[in-house]
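The values are calculated or read from the model by the stated rules, or taken from the named source; none is laboratory data. None of these values were measured; they are calculated from a predicted model. Backbone-built Cβ (ideal geometry, glycine too); neighbour counts: all protein chains shown.
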Ligand code: S3P
């Protein structure tokens, strides 16, 4: 969908939906499969532009991908080769940063770039640790921004202490460590999503986890089966809408419930929402469940510290939900929001203020006082899918007023079926 879109739905929302595949797990399944020996069969891969960027990148590195019914089968190359062209990662920070970790150790020259949004996002956070491992990398504007040029080298295992909890940086280092000489150690200040650690272990890597410290030794991977759980970061839009609209009841089927990702469910409960988790199971090393949220009166909460990496991508829609909660919701320690697909604190802060929210911005977060009935507004989505979807949810709290989104093409980066599901759940009410 391109061009401006006018949202004029009415809550509550009701019904169930199959949650599309997790974006983080989908990227990793294709990339790690390309590094393995033997085929990997991926079930439930997210079909969205970001994952397509990784798909095209691994093909450029020599992997072959084919669809077999609802499976994607990845056949790795005998060995990863120098890409014959620049790799365009589109809007996808995960593709660019994880590929940097792999390519730092692959002989040859690689250039990673992306769209205007990605070319504004920081890469020094991967350039510096990879250089310490002996990698030769250079980026634009004093190594701050893509494009990123990599001259693949033999790397050496090194110990890294990260200043921010970032799964992308952690994963880039671990992927570099797979082919480095000796042991590579990464320590995070708080636990970020651990899909890389889980998947590498299942594929045979010599990896161990001790609290916030991950150690990897050079190892080969073997292909196998990956079953991608539903993406909580996508389901979040409907779970939050339901939580804030009394009379709503929404069930997310097959939702990934990896504890490094379920901060949203903890916060919804703390706000007073009715959250029910049933049918808990584990598939291919990742837990999942069916999760129902029912709307009710909500209370303000504080979100800070180690909670933040467990719900970093859900903060824009939680900012929307906070406008409906009684009291002052405070979000702190979330400076990372400023370097996502947009400066999400600024962009969401402006959009919510224009919709009538009482919001105060800090360098690392915000405070939102509610409850406030929102009003119609026009939003610049700034190539940020989660801003567009969050403000579509905000419209449900605007009692029938219209919210105009200037461009929703960005929604296709992570959730092409977002608007059809929203329409179905609205009609279900
Ligand atoms: C991701 C990690 C997070 C998250 C991003 C996906 C991943 O970013 O915001 O959407 O797949 O590793 P950071 O690692 O930069 O925190």
| request: Kindly list the number of the only condition in (1) crowded, with 20+ Cβ neighbours inside 10 Å; (2) within 16 Å of the ligand (Cβ to nearest atom); (3) closer than 22 Å to residue 114 by Cβ that fails for residue 34. | output: (2)
| request: From 166, 179, grab the single residue that is away from the ligand (no atom under 12 Å from the Cβ), out of contact with any strand residue (DSSP E or B) (no Cβ under 9 Å at 6 or more places or on another chain) and in the same structural domain as residue 98 (by TED's automatic domain parsing). | output: 179
| request: Could you check region 249-319 for strands (runs of 3 or more DSSP E) lying wholly inside it with 3 or more residues that are outside the structural domain of residue 211 (by TED's automatic domain parsing), within 17 Å of residue 232 (Cα to Cα) and under 19 Å from the mean Cα position of the chain (by Cα)? | output: 249-256, 286-294
| message | Any residue that is in contact with a helix residue (DSSP H, G or I) (Cβ under 9 Å, 6 or more places away or on another chain), within 14 Å of the ligand (Cβ to nearest atom) and in a loop (DSSP other than H, G, I, E, B) - is there at least one of those in region 193-200? | response | yes
| note | Counting only strands (runs of 3 or more DSSP E) entirely within region 94-161, those with at least 2 residues that are without any contact (Cβ under 8 Å) to a residue 24 or more places away in the chain, more than 14 Å from the ligand (Cβ to nearest atom) and assigned by TED's automatic domain parsing to the domain that holds residue 182 are 136-139
| request: Looking at (1) free of Cβ contacts under 8 Å to residues at least 24 places away in the same chain; (2) more than 22 Å from residue 404 (Cα to Cα), find the lone condition where residue 350 falls short. | output: (2)
| task | Answer yes or no: is there a residue in region 235-251 that is in contact (Cβ under 8 Å) with a residue 40 or more places away in the chain, closer than 24 Å to residue 102 by Cβ and away from the ligand (no atom under 16 Å from the Cβ). | result | no
| request: Could you list, in sequence order, all residues of region 380-429 that are in a helix (DSSP H, G or I) and surrounded by fewer than 17 Cβ atoms within 10 Å (Cβ to Cβ)? | output: 409, 420, 423, 424, 427
